[in-house]
Amino acid sequence: MTIYLLDHSLKVDVFYDHIDGEFGDNICVSILESCPDEERIFKYDELNLYITPEEARQLAEMLLSAAEESRED
């Protein structure tokens, strides 16, 4: 699953990494940044953050909760 943020300068992919399937943190949140250096959020072009299924669920719940709260305003 891919989502583009910040006028498409930030590409976020979230996927189950089969290669790391034997490890507990086998869900990858991959962030690819394509913008001029002075606009960068991260130090490198690409960041891969590996999280556990439980952490992925918590992150999803937090995002959904914030989205629901946003609708109430």
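Applying the Karplus relation 6.51 cos²θ - 1.76 cosθ + 1.60 with θ = phi - 60° to the stretch 49-65 yields 3J(HN,Hα) values of 10, 9, 10, 7, x, 5, 5, 5, 4, 4, 4, 4, 5, 5, 5, 5, 4 Hz, where x marks Gly and Pro. Shown are 2, 52, whose ranking by accessible area with a 1.4 Å probe and every protein chain present, most to least, is 2, 52.
In what order, largest first, do 18, 8 sit by accessible area if the probe radius is 1.4 Å? Present the calculation step by step, with values, prior to reporting the outcome.
Details: 18 145, 8 125 Å².
The most accessible residue leads, giving 18, 8.
For the chain, with all protein chains in place and a probe radius of 1.4 Å, 56% of the accessible heavy-atom surface sits on carbon or sulfur.
Residues in the stretch 21-29 carry Karplus couplings, in order, of x, 6, 9, x, 9, 10, 9, 9, 9 Hz; the curve used is 6.51 cos²θ - 1.76 cosθ + 1.60 with θ = phi - 60°, and Gly or Pro positions show x.
Between exposed trypsin sites (Lys or Arg not before Pro) in the chain, where DSSP calls loop and at most 15 other Cβ atoms lie within 10 Å, what's the longest gap? No qualifying site falls inside 1-39, the longest such stretch.
Relative contact order of the chain, taken over Cα pairs closer than 8 Å and 6 or more residues apart, is 23 percent. Rounded, prolate or oblate: which fits the chain, taking a ≥ b ≥ c as square roots of the Cα gyration tensor eigenvalues, rounded meaning a/c under 1.5, else prolate when a/b beats b/c? It is oblate, given that a/c is not under 1.5 and a/b is not larger than b/c.
Top to bottom by accessible area (1.4 Å), largest first, where do 27, 3 land? Provide the component values of the computation, followed by the final result.
Numbers: 27 30, 3 90 Å².
In descending accessible area the options line up as 3, 27.
The values are calculated or read from the model by the stated rules, or taken from the named source; none is laboratory data. These numbers come from a predicted model, not from an experiment. Every residue, glycine as well, gets a Cβ built from its backbone with ideal geometry; the counts of neighbours run over all protein chains shown. Heavy atoms of the whole protein, side chains included, go into the accessibility calculation; ligands, DNA and RNA do not. Shrake-Rupley method; radii C 1.70, N 1.55, O 1.52, S 1.80 Å.
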